[in-house]
Structures are given as structure tokens and as C-alpha cells.
Amino acid sequence: MATLSPQDEVIQNLACDPNAVRIKKLLIYVCNHYWESDLNQLHRFQLSELIQELMAIAPTIEQLRFQLNNAVQTINKRAEYALIANYLINTLTPLYGWVTPRPSVSLHPSVYGRIAQELLQDTESLRIKKLLFCACHQRWENNVSQLDAHTMVDLVQELHRVAVTPENIRLTLEAVVSSLNRPEVYQSIAERICHACRFYSSSRTFETTSVTAFAPPITPDQTGLIHSNSPDQNTVYCVDSHTQNTALDGMSEEQHFEPLPFQSKKTISELLINLFDLRLEIIKYANPLKAKMLMYSLLHGQPELNAEIWSAIKNYDLHTLLQNLLRLYKRFSYLETRLAEVAQSLPNPSSYLQASSAILRAIKPYYSGNVEGLSLDDEEGAAQSRQSLVDASTTAKPTDLTCQLSAEVSEFTRAIATSSNGSEWVASSQPSLPHPCSAQPLSSVTNDATLAVPPIIPS
Amino acid sequence: MNPSEVLQRYEMGQTNFSGMNLTGIDLSEADLIGVNFSYADLHSAILTWTYLNRAKFGKANLVGAELGGANLSQADLIGANLSDADLHGAILQGADLRSADLTLADLLDANLMDADLRNTNLSGANLTGACLRGANFREENRRYCANLRGATLCKVDLRGANLTGADLAKVDLRGANLSEATLRGADLNGADLSGANLQGAFLTEATLRTANLREAILVNAKLERADLTEADMASVNLLGAILPDVKLVKANLCRANLRSAQLARVDLSRARLRDADLQDANLTDAYLARADLTNANLTDASLVRAELSSTTLTDAILRNATMPDGSIHP
């Protein structure tokens, strides 16, 4: 039986991977600098050629990491593609002659056992497993028997291979959580995992050298995203017209990938600028403390309003809560439903419903693109990306698009992005908020938006 | 007087409780709109979520009172003692707080829009996330301003506020919104303004020695004759800012955006300007003794009569720059 060369083996693995389509898309994007979504076109590319090309572009593992990192940063679905990029780096590492070997995870097995034990004792151990599984395998698994095939210890160990340091683990899990349709639930799950992984940092057996040698995971939240001093980068809005053919299917219950409404991480000043105006709109019509309680309950589960919670809420400012809420909720309709549910569950629901409506009224324009926009059409390099997206959007049925464009791609993004050059800040900082009644119905916005040309975000 | 008595009387139309001893009274969530508590002793009273719109608290004692989420919009709090009071998320929109004592009060996320804060003592108060747009801090033609010494003003919204001559030394203003605010002659020595938005702010003759301005936005800000000696201004955005005669001695301006900035006669001695963007900047008569301009971009900049004899210009881009002798760099 002929043995496969390491490269063929890697290619075969990639080709069989449930995320093969996304892998190919990312490779094409890195090698050819445009986003290909047409399945027929994708088939024309050979994985082996793409890998060769990628290795020519990135002759070292550091360059590979750099190339993929850069590419992921310009994609709107960073969370999903960050995982793909991580997977690619790990898979391609052997082809680079083990220049940067996987860490010989030198932790004593008891450390993994201890972590797994702690996680198994958790009442949410199933969700913990689901999240771990997704972080390790880049797909969501709801099938309990499938999950049972993996022990908690294996998953913990596997996660440690994917993300070595506690910080990397946190970032990797954050990337997954931000792509889920129930982020508020899984955020606390991620926190539990991170908490359990505290044993890594205390473990003396761990070789720090392997941490530095090993590729850090690319996450949507790492610094350097669409940085203001890299004007050539444009966010590419990728249209996954056939995601249902991939392993990302079947995750309707828990996972639902949506476009990122705004950059995951901007410099602090850029993000804060626009939040001031949004915050102002909220407190004009709602009690700030009610708004905080509501957001806190939404983000941290519904607490009993005792003295402990009272002081816990004091640890957060409205700004941060709002920021977290906008990061986690990418779909306005879902936010609307959840806020109403939470308001109903709190004591004196009518006052919280009033606060909820004020929050939603203030936020809605940022989701639905009703805020006076800024023309970004003359951005360099946008034309090519836009054209490829137009092609993709016209060839795909609107219902096929897992990534709905524009409608829920927040205007906020544009405001934030534009603020980086400073000069246009004033215009974006004073959004003319439309009367709620004049706002376009969300459903129609969504439908229109699926075929709309996405905004290209300047960096 | 116990809470039910107060509520009963209020229900019956009696709104005047001035001068009464109501220490520690629990009136949380009650509707007491327009009530008169002037000169009342409400020390440690529990007024959480209470509707106190247009209530009168003139000279009342509210030391340590719990007013979290209370609605005090347009309330009269002139000369009230609110030191150590909890006003977390309270609504104080349009409230009259003249000469009120808010020392060490917790005003986290409070709404103080259009509040009158003339001669108010806010020293040591926590104003994190508070909204102070349209708030009035100072008497016209008077030197003094509201006392903000030692206050926490992180992420505070002070857009357009008039803080002329304010004492903001060492104040925490991280991520604050000070756009279009007037800070003429303000004392901001040692203040933390990292990530703050000072776009279009007026900082003429303000002192900002050793202040932290990392990543702050000062686009089109006016800083004539300001003192920024040893300020940390790494990655600051000073696009189009007006800075003539500013002192930037030993300032850290690495990676700063100084495009089209007006820097005539500026003192940049020993300043660090590595990787700074100075395209189209006006540095006429600037003093750059021992300044480090390594890798800085000075394309189209004017360096007429600038002192460059000891300036490090390694790898600096000088394309089309007007050099000290008036010649154009190729």
C-alpha cells in the first residue's frame, strides 16, 4: 500500500474536513485576494495548488500565521474564520518541517483530570462539552451520543493543544461564543472553562518555551484588527451560499452564524466615541439604573435582585454593558425578544419593559442602518471585493445566505470605522434618530439586505 | 415620622415636609413627585427608585442617603448635603445642585444632563459613566468652577461642557467624551486622558504636564500656549490641531498623527516623535533640539527656520518638505 507524503496527507485531511468549503474559501482569499463564494468556482481550485501557493506566499510558519491572521481580520465573520485559520495553522505546521512544533503538552495528566473533573461536576457539563467540542473541532455538535464519544479529559487536552495559554483559551472560546445565537448562555460557560483552566498557569511542569513556539490562536478579538494605520484593508463580507452543506449545519438550535455587526475590537477611543451617543439616547428615555439592571440580567443570567447583585452591578458601567450587549447580540430581532423576556421576569416588569423599549428604540437604527450613513464608496480596493460579492449575492438565493448582509451589519461599524480618521467624526457622532414608526420593518430590511452590496469598511 | 405616615400625608395632598427629622426613613419606590423636603434631615434615608421629580431639597441633609435609580429630574438641591450619598444611575437631569456638597458621592452612570453644578463640590465623587452634557459648571466671569479634585471621571460624557480654569489635576478621565468642551486654562497636570475624545476641544493655555494622552483624539483641538511637558501622547490623534507656542518638551509623541497640525514655534526639545505622521504639518520656527524623529513622515511639512541641528532624522521622510533654509527637499 502506497504511503502518502506528509503534504498529501494534510491535503486529504483538509479535503475530508467538514469545513472544507470554508477552508478553501480562506485559502483562495489569502492566495488570490478575493472572496469566492460560488461553489462551482470553488471546485475549480485544487487544494494542493492552493496549499503550494500559500506556502510560497508564506515560507515560514510565522508568515503563515501573519497571512492568515491578516486575512481573518478583514472578514466580517471573524469568529468562524478565526477557528478555520487556527485549524489551518495547526494542520499545516508539519509541512513546515516542525519548525514550530506543537507543544509537547508537558502537563501532568492529573492536571487535565482535575480540570475535567471540575467541569464534569458543573450542572452545565453538557454545554461545556458542546463548547469545548466546537472550539476543538470547529463544528457544533448537538448529538449527545456523538459528544459522549469524546471524554471531557480528551476535550480539555485537545483544547490545550489548540490554545496553549489561559489567555489563548479565553480568546478561542470567545471567538466561538460570539458566533453562537445564544451568546449570553455560552459566555458564562466559557467563563467556567477558563476558570477551570486556571490550573495551567499554576502548573510548573509546563514548558513556557513551547508556548512561544506554538502558533497562538487567531481570534477575532486580538489587537490589530482593522487598525487605523492600515488603510488598505477592507472588511470582506463573505457570502456563504452553501454553508448548509458543511458541518456547520444542524446547529440551528444552538449555533447560528451571523455577520459581525461591527469590528470586534477597535481602539478604545474609537469604540467609546459612538457609544456616548447611543448611551445618551438610552438615558434620555429610560432610568439608567433600570437599563443597567436589564442589560446585566440579559448578559449574566437573571439574578435575584439582592444586595450582592446590587454591588455586582456597580462593578459595571452602562458603557461596558452596552458594549458587551452589542458584541454578543448580532440580530436585532433576537435582542428584542430576549430583552422582553428578561424584562418580564424581573420584579415590576412594566418599568423594565419601558426601559427595554427605550434601549431597543435607541439601538435599532444602528442595526437597521437607518442612521445617516457616510459614503464609503471611494475606498481603495473596495471595487474588486464588492464585485465578487455582488456576483455571489446574485447567484445565491437569498435564503441560502447564512450571512445576511447590510441589514444587521451595523451602521455602527461604519461610524466607528470612520471615526478613526477623525475628520468625519462629528457627522457620525450625532445620528439623526428616526421616529420608531418611520423605521423600516425589520423583515423587509433583512430581505433587501441579503442582496445588497455590503458596506466596505475602511480600516 | 414613619414611612407610611409620610406617604399617607402626601396622598392627602400634604407635600410640605420641610425641616422634619426623617433620618433613615425608607421611602424606596414611592411616588413623591414635587415633595418639599427643604431643610429636612434625611441622613441615611432609603430613597432607591423613588420618584422625586421636581422635589425640593434645599439645604436638606442627605448624607449617606441611598438614592440609586431615584428620579430627581428638575429637583431643587441647592445647598443640599449629599456627601457620601449613593446616586448610582439616578436621574438628575436639569436638577439644581448649586452649592450642593457631593463629596465622595457615587454618581456612577447618573444622568446629570443640563444640571446646574455651579459651585458644587464634587471632590472625590465617582462620576464614572455619568452624563454631564449641557451641565453648567461655572459662573460667568468668575474664576472658580465646580470642584472636581480627585473625582473619577472615567468615560464621563462632558461634551461641550464649560470647564474653564477647572482643577482637574490627576483626575481620571480615561475614555471620557470631552469633545468641544472648553478647558481653557484648566489644570490637567498628571490627569489620565488616555483614549479620551477631545475633538474640537478648547485647551488654550491649559496645563497638561505629565498627563497621559495615549490614543486620545484631539482632532482640530485648540491648544495654543498649552503646556504638555513630558506628556505621554503616544498614538495621539492631533490631525489638524492648533498648537502654536505649545510646550512639548520631552513629550512622547511616538506614532502620533500630527497631519496638518499647526506647530509653529512649538518647543519639541527632547520630544520623541518616532514613526509620527507630520505630513503637511507647519513646524515653522519650531524648536526640535535633540528631538527624535526617526522614521517620522514629514512629507510636505514646513520646517522653515526650525532648529534641527541636533534632531535625529534617521529614516525620516522629508519629501517636498520645506527645510529650515527655505529649500524644498527632493
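The values are calculated or read from the model by the stated rules, or taken from the named source; none is laboratory data. Keep in mind it's a predicted model, so treat the numbers as computed, not measured. Virtual Cβ from ideal backbone geometry, glycine too; neighbours counted across all protein chains shown. Each accessible area value is taken on the protein alone, full model and side chains, heavy atoms only, with ligands, DNA and RNA left out. Shrake-Rupley method; radii C 1.70, N 1.55, O 1.52, S 1.80 Å.
Overview of results
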read-out	value
Inter-label distance for A:His43 and A:Ala312, nm, one decimal - labels placed 7 Å from Cα along Cα-to-Cβ	5.3
Cα principal axis extents for the range A:48-190, largest first, Å	48, 36, 28
With all protein chains modelled, accessible area of A:Ser145 [1.4 Å, Å²]	80
FRET efficiency, B:Asn21 to A:Asp122 (Cβ-Cβ, R0 56 Å, nearest 0.05)	0.60
Proportion of all alpha-carbon pairs of the range B:1-154 beyond 21 Å (%)	35
Taking the range B:196-330 and dividing mean pair separation by its residue count, relative contact order in percent (alpha carbons under 8 Å, at least six apart)	15
Within straight-line cross-link reach of A:Lys24, lysines at Cα separation under 18 Å, skipping those fewer than 8 residues along the same chain	A:Lys77
Test item: B:199-208 mean partner chain Cβ contacts at 10 Å	1
FRET efficiency estimate (nearest 0.05) - Cβ-Cβ, A:Gln344 to B:Glu5, R0 41 angstrom	0.75
Reciprocal mean inverse distance between Cα atoms of chain B - Kirkwood radius, Å	21.3
For the range B:133-242, convex hull of alpha carbons as volume per residue, Å³	75
Residues A:Asn90 and B:Ser310, FRET efficiency given R0 of 51 Å [Cβ-Cβ distance, rounded to 0.05]	0.50
Partner chain coverage, peptide A:280-289 - average Cβ within 10 angstrom	6
Whole-number D in µm² s⁻¹ for the range A:1-63, Kirkwood Cα-pair radius fed into Stokes-Einstein, 10 °C, 1.306 mPa s	128
Per-residue mean of C-beta atoms belonging to partner chains within 10 Å, peptide B:100-111	3
Nonlocal Lys pairs with alpha-carbon distance under 29 Å, chain B (8 or more apart, or different chains)	9
Hypothetical label at A:Val144: residues of the range A:167-192 whose amide nitrogen lies under 17 Å (7 Å Cα-Cβ projection)	none
Chain B, relative contact order [Cα under 8 Å, separation at least 6], %	6
Heavy-atom SASA rank of A:Met295, B:Met1 (probe 1.4 Å, accessible area, largest first)	B:Met1, A:Met295
Distance in nm between pseudo-label sites at A:Ser5 and B:Asp31 (7 Å out along the Cβ direction from Cα)	8.2
Cross-link pairs beyond the 30 Å C-alpha cut-off, checked among A:Lys290/A:Lys364; A:Lys130/A:Lys284; A:Lys292/A:Lys330	A:Lys130/A:Lys284
Percentage, to the nearest whole number, of Cα pairs in the range B:142-194 over 17 Å apart	24
About the Cα centre, charge dipole magnitude for the range A:123-199 (Lys/Arg +1, Asp/Glu -1 at Cβ), debye	20
